[in-house]
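Q: Sharing a structure here in structure tokens format.
The values are calculated or read from the model by the stated rules, or taken from the named source; none is laboratory data. Source: prediction; values computed, not measured. Note that we place each Cβ from the backbone using ideal geometry, even for glycine, and neighbour counts take in every protein chain shown. Heavy atoms of the whole protein, side chains included, go into the accessibility calculation; ligands, DNA and RNA do not. Shrake-Rupley method; radii C 1.70, N 1.55, O 1.52, S 1.80 Å.
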Amino acid sequence: MLPDCLSAEGERRCRRLLAGATARLRARPAAAAVLVPLCSVRGVPALLYTLRSSRLAGRHKGDVSFPGGKCDPADRDVVHTALRETREEVGLVVPEEHVWGVLRPVHDQQKATVVPVLAGVGPLDPQSLRPNPDEEQNQGYTHFCHGGHFRYTLPVFLHGPHRIWGLTAVITEFTLQLLAPGIYQPCLASPELPRG
């Protein structure tokens, strides 16, 4: 990411671009919401991810993800879900006014809607994070086939022992396209998940 992508001007540009989607999608029912925390580490723009425990049951144990989770009936909207889940998962309290907007929803394999919420969280203590300075050089794509025929391509980001893939990689790619237009160029014509 470019150093100025988290500037006040960059934030205004992103908020303006996301305003329509935010107004449309914020209160729409969804299965889950995640927070895409924009931060800086040692003055360098970064995204904050979580690492799921390898002791969890299910196919996503040990995966890199954004903080977030299932929408609760008591949540006002997807923004509230993302902020609540982030506070519960990582103890990071993000005021609602720091939310830049709602990104394009993505769908998991069960077709459940997951809504990414973009927010600025400011500088983070570098002692609590282990950022990879070579992250842009560790980006690629995985091509998926079914029945011997090409079906779709998804981004993959490699960070030392951790791989960012699936919905988290798709949301990361959406975020990079928004933050660094003209600089970050995905190799996909339409990085949407397959419908079937």
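Q: Being more than 14 Å from Val117 (Cβ to Cβ) and surrounded by 19 or more Cβ atoms within 10 Å (Cβ to Cβ) is true for just one of Ala33, Ala46. Which residue is that?
A: None of the others qualify; the one that does is Ala46.
Q: I've got another one for you. Output the number of residues of segment 1-18 satisfying the condition of being at pLDDT below 90 and crowded, with 19+ Cβ neighbours inside 10 Å.
A: Looking only at that region, the number is 3.
Q: May I pose another question? Kindly check whether there is at least one residue in segment 112-123 that is modelled with pLDDT of 75 or more, more than 24 Å from Gly20 (Cβ to Cβ) and surrounded by fewer than 16 Cβ atoms within 10 Å (Cβ to Cβ).
A: yes
Q: While we're on this one: What pairs come up if the first residue lies in segment 77-89 and is within 16 Å of Ala30 (Cβ to Cβ), the second is aromatic (Phe, Trp, Tyr) and modelled with pLDDT under 95, and their beta carbons are under 6 Å apart, counting only those six or more places apart or on different chains?
A: none
Condition check ((1) surrounded by fewer than 16 Cβ atoms within 10 Å (Cβ to Cβ); (2) modelled with pLDDT of 80 or more; (3) among the hydroxyl-bearing types (Ser, Thr, Tyr)) across all residues:
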{"position": "Val78", "(1), (2), (3)": "no, yes, no"}
{"position": "Arg87", "(1), (2), (3)": "yes, yes, no"}
{"position": "Glu97", "(1), (2), (3)": "yes, yes, no"}
{"position": "Pro126", "(1), (2), (3)": "yes, no, no"}
{"position": "Asp134", "(1), (2), (3)": "yes, no, no"}
{"position": "Gln137", "(1), (2), (3)": "yes, no, no"}
{"position": "His149", "(1), (2), (3)": "yes, no, no"}
{"position": "Leu154", "(1), (2), (3)": "no, no, no"}
{"position": "Thr172", "(1), (2), (3)": "no, no, yes"}
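Q: Also: In segment 19-30, how many are open to solvent by 30 Å² or more (accessible area, probe 1.4 Å) and assigned to a helix (DSSP H, G or I)?
A: Adding up the residues that qualify gives 4.
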